[in-house]
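Inspection log for the structure reproduced underneath, given as structure tokens.
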Amino acid sequence: MSSHVRILGIAGSLRRGSYNQAALRAAKLLVPENSEIDLFQLDGIPMFNEDDEKRPPSSVLDLKKRIRRADALLIVTPEYNYSIPGVLKNALDWACRPHGDSAWSGKAAAIMGASPSAIGTARAQYHLRQILVALNLFTVNQPEVVIADAAHRFDENGNLIHEPTKQLIRELLKNLVDWTRRISPALESTSASSTATVGHPLSGAAPA
């Protein structure tokens, strides 16, 4: 039996009708077996101030706790001026501070994004990948889920209705879950223990 993978999903948009929030909700319904996506909203995170990093506000403490509790991350970004929005960069900065207390380091991650434009969020995703290198996040490379022409990929209620996009998200999440199990020592040991239990019926006996 495979170990359960907990994914924390974060969308870099605060807009009520955000396509990226909608894409994240869609991903929650498309996760592989033995995995789940928990959502975190960024609207309560204040602007980063280094003067406060050693005594951060409760919303930042909660963000860092949720990141640490997760096995992997799914970050969904809009594209603003060829890059990621400030609200997302702000959260990335908060959760890596103070120096030596980053909640991001060592986690598996996947990224995707949606935009009404013809090229989706390709430039923002490329920039985000560069930022995640600095945070020591290990990002899945493929598939690249760049949801272009978003107005025709979602219905008026924010439901993803484009089947090829759903399939790409399924593939991305499967790769993320597989990658997480490969690089996470805790999940690897749990999986190995489960395999040993299946292979050796007497392994459940009390220790000598």
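The numbers here are math on the coordinates, done by the rules we state, and not lab data. Bear in mind that the values here come from a model prediction, so they are computed numbers and not experimental data. Cβ: placed from backbone, ideal geometry, glycine included. Neighbour counts: every protein chain shown.
For Kirkwood radius over Cα pairs in Å, the choices are (1) 17.5; (2) 18.0; (3) 22.0; which was calculated from the structure?
Evaluating Kirkwood radius over Cα pairs in Å on these atoms matches (2).
Starting with the fewest neighbours, write out Glu36, Glu79, Glu144, Glu163 ranked by other beta-carbon atoms found within 10 Å of each beta-carbon.
Glu163, Glu36, Glu144, Glu79
To make sure I understand, if each residue's beta carbon is the centre and we count other beta carbons within 10 Å, what order do Arg123, Arg16 fall in, fewest to most?
Exposure proxy ranking, most exposed first: Arg16, Arg123.
If you count the DSSP beta bridges with both ends in segment 5-203, what percent of them are antiparallel, to the nearest 5?
Of the beta bridges lying entirely in segment 5-203, close to 10 percent run antiparallel.
If I fit a long axis through the Cα atoms of helix 19-28 and take the longest principal axis of the Cα atoms of the chain, what angle between them do I get, 0 to 90°, rounded to 10?
20 degrees
Of Asp52, Asp43, how do they rank once you tally other Cβ atoms within 10 Å and put the fewest first?
Ordered from fewest to most neighbouring Cβ atoms within 10 Å, Asp52, Asp43 come out as Asp43, Asp52.
Take the alpha carbon atoms of segment 12-40, find their center, do the same for segment 132-153, and report the distance between the two centers in whole angstrom.
13 Å
Under 18 Å between alpha carbons, and skipping anything fewer than 8 positions from Lys174 in its own chain: which lysines qualify?
Lys28, Lys107, Lys166
In whole Hz, what ³J(HN,Hα) sequence does segment 41-49 give by Karplus (6.51, -1.76, 1.60; θ = phi - 60°), x for Gly and Pro?
Values per residue, Gly and Pro as x: 9, 8, 5, x, 8, x, 5, 5, 9 Hz.
Just from its helices, what would the mean residue ellipticity at 222 nm be for the chain, if runs of 4 or more DSSP H residues each count -39500 (n - 2.57) and the sum is divided by every residue, rounded to the nearest 500 deg cm²/dmol?
Helix contribution divided over all residues of the chain: -12500 deg cm²/dmol.
What residues from segment 4-43 fall in the zone where the backbone N is under 17 Å from a label point 7 Å along the Cα-to-C-beta line of Ile161?
Under 17 Å, as judged by backbone N against the label point of Ile161, lie 18-20, 22-23, 26 of segment 4-43.
Is there a quick way to get the dipole size of the chain? I mean about its Cα centre, with the Cβ of Lys and Arg at +1 and of Asp and Glu at -1; what is the value in debye to the nearest 20?
220 debye
Using alpha carbons only, how many degrees (0 to 90, rounded to 10) separate the axis of helix 122-134 from the longest principal axis of the chain?
50 degrees
Using modelled amide H (1.01 Å from N, peptide plane; none on Pro or chain starts), what sits under 5 Å from the amide H of Leu137, excluding residues fewer than 5 places away?
Gly106
With angles folded into 0 to 90 degrees, how steeply does helix 58-69 sit against the dominant principal axis of the chain? Use alpha carbons for both and round to 10.
50 degrees
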